[in-house]
Amino acid sequence: MKRTIGIFLALMLATVGFLPGNSLAQKAPYVIGGTMDMTGRQSNLGIGGKRGMDIAVDTINAAGGVNGRQLKVIYYDTESEPAKAVIHTKRLIEVDKVVLLGGYSSSGAAMAVLQTVESGKVPMIAATPIDKLWIPTKKWVFNVVPRQREASIPVLLENLIHRGAKKIAYLYIDTAYGQAGKEVFDWAVKELKITPAVVEKYAPGSTDMSPQITHLKAAGVDGLLITGNVPDTVIVIKNARDQGFNHPIVSDYAIVSPEFIDLAGKYAEGIVSTSLKTLIAPDLPANDIQKKVAMDLYTKYTKAHGAFSLYAGHPWDQVYLVAEALKKVDPNLDPAKDPDLVKIREQLRDNLEKIKGFVGQNGVFNYTPQNHNGLGPKCYVPVVIEKGAWKLYKGK
């Protein structure tokens, strides 16, 4: 009798272990690292980014995950400090055993972790505009943001010219992002055969740009292009308008977020930049190839968080790209086992490099062994702030 009861209990425990939803029946998840600037001077990048990543992961998991496994994200806050991005990246690789590294919207953070990523042999998909991240090609590093050369600075220079500017000034932040912008600006003005009236840089954390504005006004500047982050760009614009600079101002795409409008207030009106199409998703024509995915993210984000942030689109692309690549990874490999994890990372990297025609938020991706960015010209559109909201720019 005791033997019969023992067998019965053993069968019951085994059955419970395989009930749907029971932890014993669940496969180990694919773990993704989310390294974000969630606090500090670039926190607008991380706040919107985390929300976009959560939306993507929740949607994929609700549909069954990938290869019968759920996706799990482990987040770390860099506090807008590149050195902390390196520390967190090492932990994600060595302790948290991620299959892929995501986030990295800050150019400084992305560049700082390159050696760690390459030596750790873990694929990273960053979200930064600087092409030094992927030119020349790094084996383990990919990117989802178009560089300034294709998507921002030349478009903004043309905007100023079309609006009548003849003496253009360029102010840029002295960081990796700003320095990359300066290189593109130098190339673009040569291509357009124009000579800038003023080119000046400013230090991160600057709180007064009055000297720079005084200089450009004295030079007769009638159009201003800024490459900066949200807080410092707001300071430039406020100082310019308060000193009577009433000419067109355009800004590189790092400012495109609801936080910029909130911080700039009345000074934001009329500022032109460029953005991924999701920002103005409702205005896209029905036949636009990105309309469906753009509206999906736009609707989910605005319903949960209010005004859309451009930075939600970058992690959305990261997550969906890794999901696409994971579909072709050997499903029998267990990410909880170190030898299998090495193989998953290798197969994932190889599969990312073969992705073609993937319709994302930043554009249509076509990765190759020579191009780990995969985006072409005109994937971003010009946008303008009108009545406190970002709109598709329709001016001349």
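If you go through segment 382-389 one residue at a time, do you hit one that is at pLDDT 95 or above, part of a helix (DSSP H, G or I) and closer than 23 Å to P258 by Cα? No, there is no match, as no residue in segment 382-389 is at pLDDT 95 or above, part of a helix (DSSP H, G or I) and closer than 23 Å to P258 by Cα.
Inspect all residues belonging to segment 230-250 and state whether any of them is among the β-branched types (V, I, T), free of Cβ contacts under 8 Å to residues at least 12 places away in the same chain and more than 21 Å from L392 (Cβ to Cβ). Before the answer, list the steps.
First, pick out the residues of segment 230-250 that are among the β-branched types (V, I, T): 230, 233-237, 249-250.
With the extra rule that they be free of Cβ contacts under 8 Å to residues at least 12 places away in the same chain, the set shrinks to none.
Within segment 230-250, not a single residue is among the β-branched types (V, I, T), free of Cβ contacts under 8 Å to residues at least 12 places away in the same chain and more than 21 Å from L392 (Cβ to Cβ).
Being of a type outside the set (F, W, Y), under 18 Å from the mean Cα position of the chain (by Cα) and part of a loop (DSSP other than H, G, I, E, B) is the filter here; which residues of segment 355-375 pass it?
Kept after step one, since they are of a type outside the set (F, W, Y), are these residues of segment 355-375: 355-357, 359-364, 366, 368-375.
With the extra rule that they be under 18 Å from the mean Cα position of the chain (by Cα), the set shrinks to 359-364, 366, 371-375.
Residues satisfying the conditions are G360, Q361, N362, G363, N366, H372, N373, G374, L375.
Just one of the listed residues (I74, I87) is assigned to a strand (DSSP E or B), among the aliphatic types (A, V, I, L, M) and at pLDDT 95 or above, namely I74. Within segment 153-195, restricting attention to residues that are touching a helix residue (DSSP H, G or I) at 6+ places or on another chain (Cβ under 8 Å) and surrounded by fewer than 18 Cβ atoms within 10 Å (Cβ to Cβ), the residue that is farthest from P382 (Cα to Cα) is T195. Every condition in (1) at pLDDT 95 or above; (2) more than 21 Å from D334 (Cα to Cα) holds for I47 except the one numbered (1).
For segment 141-152, the set of residues classified as assigned to a loop (DSSP other than H, G, I, E, B) and either touching a His at 6+ places or on another chain (Cβ under 8 Å) or surrounded by 24 or more Cβ atoms within 10 Å (Cβ to Cβ) (or both) consists of V144, V145, P146, S152, listed by residue number.
Within segment 105-127, being surrounded by fewer than 23 Cβ atoms within 10 Å (Cβ to Cβ) and either among the small types (G, A, S) or not assigned by TED's automatic domain parsing to the domain that holds I344 (or both) holds for G108, A112, S119, G120. The set of residues from segment 278-296 being within 11 Å of F308 (Cβ to Cβ) and either part of a loop (DSSP other than H, G, I, E, B) or not aliphatic (A, V, I, L, M) (or both) comprises T278, P282.
Go through segment 153-239 and tell me which helices (runs of 4 or more DSSP H), entirely inside it, have 2 or more residues that are among the charged types (D, E, K, R).
Where helices (runs of 4 or more DSSP H) fall fully within segment 153-239 and carry at least 2 residues being among the charged types (D, E, K, R), they are 176-192.
For segment 325-349, a tally of residues being under 26 Å from the mean Cα position of the chain (by Cα) and more than 13 Å from Y30 (Cα to Cα) returns 4. Exactly one residue out of G306, G313 is over 20 Å from V141 (Cα atoms) and small (G, A, S): that is G306. When A188 is tested against the conditions (1) small (G, A, S); (2) modelled with pLDDT under 95; (3) farther than 30 Å from K97 by Cβ, the lone failure is (2).
Residues checked against (1) part of a loop (DSSP other than H, G, I, E, B); (2) exposed (fewer than 14 other Cβ atoms within 10 Å of the Cβ):
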residue	(1), (2)
H247	yes, no
A264	no, no
Y298	no, no
K303	no, yes
Y311	no, no
A323	no, no
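Considering only segment 225-233, I want to know if a residue exists there that is among the hydroxyl-bearing types (S, T, Y), touching a Lys or Arg at 6+ places or on another chain (Cβ under 8 Å) and surrounded by fewer than 24 Cβ atoms within 10 Å (Cβ to Cβ). Within segment 225-233, none of the residues are among the hydroxyl-bearing types (S, T, Y), touching a Lys or Arg at 6+ places or on another chain (Cβ under 8 Å) and surrounded by fewer than 24 Cβ atoms within 10 Å (Cβ to Cβ).
Each row is one residue, and each column tells you yes or no for (1) touching a residue at least 60 places away in the same chain (Cβ under 8 Å); (2) not in a helix (DSSP H, G or I).
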position	(1), (2)
A56	yes, no
G64	no, yes
S105	yes, yes
G108	yes, no
E118	no, no
P129	yes, yes
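The values are calculated or read from the model by the stated rules, or taken from the named source; none is laboratory data. Note that the structure is predicted; figures quoted are calculated from it, not measured. Note that each Cβ is placed from the backbone with ideal geometry, even for glycine, and that neighbours are counted across all protein chains shown.
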